[in-house]
Amino acid sequence: MAVVGYVACALGARRAAAQSAGQIGAWDGLMLSPVGALTPVAHDPGEVSAGAREISLRYGRWHYDADDAVHDNFGVTWTYHFGFARSQLSLTAAYGLTECPTCSGWVMGGVELQSGLWSHSVATTWGRPATLGVEVRGAAGGARYRGTDAASAFSFAAAVPLELSLPVFSSSRVTASIVPGAGYGRIVGVDVVQGGVLPLIGASVGLTITSRFSVNLGVQRILLAGTPTQLGTALSWNFGNHGGLRP
């Protein structure tokens, strides 16, 4: 079976006539990697000490309409903070469940590198500062179809997260981010290779309950007419040398 056939089945695709094969391949390649399969996680743009680490359990879901089954993505991300220029490296492993009678899942993996471009702190009545930040992020990812038809996907993406962190009760903080960007995605099979570049936009809001634990809700869309919006959540734990995390 051609890649377009089983990918369209696996992803429940309702393709618009105006969409090119390259755009369809780009959307598939991005959605079949952590870049599109999982929504962004908001972070405090304040300085982080070298050696701080974070584990995030992540979940994403999407469907085209009420008649389409919900498609689920599950992932775990490990993040290491270098402590200079607010730089961090993230590694993600994920699994995508595509719901249809003859579909199998996709095994995914990805890597991200993010660094701070600018940050500014503002005094608040809580006695702890609010922080604004602008970051730059690069990501690469890939996936392998677990069904009998050999298929794979890969992607590259760049984004500029805009982040805000506000102190609230006790030692907690609310963080929010808007993540505009663009990515290249490609789907590869026995007889079809399709790929291209598409813009994307994501957003997330999180509550850091303690210096070690936070909860995030996110949304993301790869901007192609007729395609759905990804919804997601993440539970994150900070550990290791987090003494430099701003309170």
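Would you mind computing, in nm to one decimal, how far apart the modelled labels at Thr229 and Ala93 are, each placed 7 Å from Cα along Cα→Cβ?
Inter-label distance under the simple model: 3.3 nm.
Can you tell me the relative contact order of the chain? Whole percent, Cα pairs under 8 Å, sequence separation 6 or more.
Across the chain, relative contact order equals 26 percent.
In what sequence do Ile222, Ile209, Ile24 fall when counting other Cβ within 10 Å, fewest first?
Sorted ascending by nearby Cβ count, the order is Ile209, Ile24, Ile222.
Test of understanding: ordering Leu217, Leu38 by Cβ neighbours within 10 Å, fewest first, what list do you get?
With the sparsest Cβ surroundings first, the list reads Leu217, Leu38.
Normalised radius of gyration for the stretch 93-217, please: alpha carbon Rg relative to 2.2 N^0.38 Å, two decimal places. Walk me through the intermediate numbers first.
Working: Rg = 19.2 Å, N = 125, 2.2 N^0.38 = 13.8 Å.
Rounded to two decimals, the normalised Rg is 1.39.
Under the rule of -39500 (n - 2.57) per DSSP H run of 4 or more residues, summed and divided by the residues of the chain, what mean residue ellipticity at 222 nm is obtained, to the nearest 500 deg cm²/dmol?
My calculation for the chain gives -2500 deg cm²/dmol from helical runs alone.
Please report how far the C-alpha centroid of the stretch 112-133 lies from that of the stretch 185-234, rounded to the nearest whole angstrom.
The two parts, judged by their Cα centres, are 24 Å apart.
If you stretched the chain out fully between Val192 and Thr210, how much longer would it get, using 0.36 nm times the residue separation minus the C-alpha to C-alpha distance?
Value of the extension gain: 1.6 nm.
Working from Cα positions, state the angle (0 to 90°, nearest 10) between the long axis of helix 21-31 and the longest principal axis of the chain.
Around 40 degrees separate the two axes.
Roughly speaking, what is the stretch gain from Leu117 to Leu162, that is 0.36 nm per residue apart minus the C-alpha to C-alpha distance, in nm to one decimal?
15.2 nm
Given a Förster distance of 22 angstrom, what is the FRET efficiency for Ala69 paired with Val107, based on the Cβ-Cβ distance and rounded to 0.05? Write down the numbers at each step before the final one.
Numbers: r = 20 Å, r/R0 = 0.91.
With a Förster radius of 22 Å, E is 0.65.
For semi-axes √(5λ) of the Cα gyration tensor in Å, one of [x] 45, 16, 13; [y] 42, 19, 16; [z] 35, 16, 16 was computed from the structure I shared and the rest are decoys. Which label?
The value matching this structure is [z].
Read the figures in this text as sums done on the coordinates, not as results from a lab. Since we're looking at a predicted model, the values are computed, not measured. When we count neighbours, we look across all protein chains shown, and the Cβ atoms used for this are built from the backbone with ideal geometry, even at glycine.
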